[in-house]
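The structure appears right after this line, and notes come after that.
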Amino acid sequence: MNENVSPGLWALAWRRLRADRIAMASLAVVILFLLSVLASATGLVAADWEDEVAVNYAPPGFVGPDPALAALARPLPPPPPNAFDPLAADLSALKAALAREGHVAQAAKASTLPFGADKWGHDIVKKTIKGGQTSIVVGLVAALVAVALGTLFGAVSGFYGGKVDDLFNWFYSIFTSIPSILMILTVAAVLQTRGVLTIVLILGLTGWTGPYRLIRAEYIKHKAREYVMAADAIGASSWRRMFSHILPNVSHVALVQMSILVVGFIKAEVILSFLGFGVPVGVVSWGSMLNEAQNELILGKWWQLAAAASAMALLVTAFSLFADALRDALDPKLK
């Protein structure tokens, strides 16, 4: 490597990130969650999360089995030898028929699991991994949609200015004049359909304002610089100057905005699912787990709430710390 060549923006940013231990630890946690999403989506883990492997509300293993639940998990004892059982003949015939058809008796369900079970006997660990797949995918895809829209709108508005800028600023003022949670709930009520795609559209169509404001300011600043004016002088089109010359120089702003929006959108998905506007029945997410857990707390069953809240808190904290470190690393004033 030529030592006389100065490193670029991304090389300097990576150098600063590697020197920040908290940033690298946060990045490792984020990568671990992303790998769990990939493994869950491909069926390597948590593919059988809907199997009823334990008794209802089986407690975590470190708590110990509930005597009442353990009694339900044990098979009923056989009747005394001298007791008369009017159904004995029918049960024997049924057992023989099932054996001929290849059916096997279901094994006794577990009375404890590593982190407990829900009211249907689903493993909480596997359910948390599967729920994380939904919540993280929604956060990532919705942030990508919002940043793409914000970048496109900000580029057009900042580069052309004039009436085009006034039009986009009018839309920006409308969206920012309404509190974000009310805007999200309004769009959810208008769409009236529940699903992962619906949540992505809700969050993406309401979250573009932040990236738009920053990208617009960057384009206003860069369009008057020498390299853009030189591209104009040699005949480069407006779209080529916008996306081939200016965009690579402001892409770090979009990247930081996306990392910030992922955190906000994961929390927004949890809120929507908790309120009943999120994922449909049959699809699990951290928000739907928290929605179920509010009724379980009345019965003293806290482990589903603890699992979903701990996983969400760990990911959100790690992503927030990494986003802050990435923003500092990409700051050209810090060299």
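Worth a mention:
- Here the Karplus curve 6.51 cos²θ - 1.76 cosθ + 1.60, taken at θ = phi - 60°, turns the phi angles of the stretch 292-302 into couplings of 5, 5, 5, 7, 6, 4, 4, 8, x, 9, 9 Hz, with x standing for Gly and Pro.
- Nearest-0.05 FRET efficiency for Met229 and Ala11, computed from C-beta distance (R0 30 Å): 0.65
- Number of Lys pairs (Cα under 28 Å; 8 or more positions apart or on different chains) in the stretch 203-335: 5
- In a DSSP loop and with at most 16 other Cβ atoms within 10 Å, the chymotrypsin sites (Phe, Trp or Tyr not before Pro) in the stretch 231-335 are Trp302.
- For Leu113, distant residues with modelled amide H under 5 Å away: Gly61
- Rounded to 0.05, the FRET efficiency of the Lys221 and Lys267 pair, given R0 = 35 Å and the Cβ-Cβ distance, is 0.65.
- Cα centroid separation, the stretch 9-35 to the stretch 263-327 (Å): 24
- Cut-off under 5 Å, modelled amide H: who pairs with Ala54 long-range: Ala110
- Inter-centroid distance (Cα atoms) of the stretch 221-240 relative to the stretch 187-206, Å: 38
None of the figures in this text is laboratory data; all of them are computed from the coordinates on show. All of these numbers come straight from a predicted model, not from anything done at the bench. Methodologically, a virtual Cβ is constructed for each residue, glycine included, from the backbone with ideal geometry; neighbour enumeration extends over all protein chains shown.
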